Amino acid sequence: MTASHLLVPVPIPDRVAALIGSCIPPHILEAEFDADCAAREVRRFRGPRLCVEDQADREQALSELARANKVLAAHHPRLAVRPGGAW
């Protein structure tokens, strides 16, 4: 049995990625992209004290992440993206 933390990430060739992407419905691909962008945005706004504008931006990114995750989880529960996760 292989431990997942010992796996080395291997780049996927563009043609293989395109083939994988062609098997996934477009709205799921879009939701995955949106969730990834929103998770990155949420991670930007970390800290003990955020100004009012940063708090509002973080809340907006969290709502976008929740919206995208709802679509992803409806397709498959393990597709949900977490702000602190590797995905």
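The values are calculated or read from the model by the stated rules, or taken from the named source; none is laboratory data. Computed from a predicted structure; not experimentally measured. As a convention, Cβ positions derive from the backbone with ideal geometry for all residues, glycine included, and neighbour counts pool all protein chains shown. Heads up: the accessible areas ignore ligands, DNA and RNA and are worked out on the full protein's heavy atoms, side chains in. Shrake-Rupley method; radii C 1.70, N 1.55, O 1.52, S 1.80 Å.
Every residue, every condition in (1) under 22 Å from VAL71 (Cβ atoms); (2) outside any helix (DSSP H, G or I); (3) touching a residue at least 12 places away in the same chain (Cβ under 8 Å), yes or no:
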| site | (1), (2), (3) |
| --- | --- |
| PRO9 | no, yes, no |
| ILE12 | no, yes, no |
| VAL16 | no, no, no |
| LEU19 | no, no, no |
| ALA35 | yes, no, yes |
| GLU41 | yes, no, yes |
| ASP54 | no, no, no |
Item to check | Positions within the stretch 32-78 being of a type in the set (Asp, Glu) and open to solvent by 100 Å² or more (accessible area, probe 1.4 Å), in sequence order | outcome: GLU53, GLU59
Item to check | Failed condition for GLY85, given (1) open to solvent by 60 Å² or more (accessible area, probe 1.4 Å); (2) at pLDDT below 90; (3) of a type outside the set (A, V, I, L, M, F, W, C) | outcome: (1)
Checklist entry - Taking the condition under 23 Å from PRO83 (Cα atoms) and in contact with a Leu (Cβ under 6 Å, 6 or more places away or on another chain), does ALA31 pass? => result yes
Checklist outcome for this item: Out of (1) open to solvent by less than 60 Å² (accessible area, probe 1.4 Å); (2) touching a helix residue (DSSP H, G or I) at 6+ places or on another chain (Cβ under 7 Å); (3) assigned to a helix (DSSP H, G or I), the one LEU29 does not meet is (1)
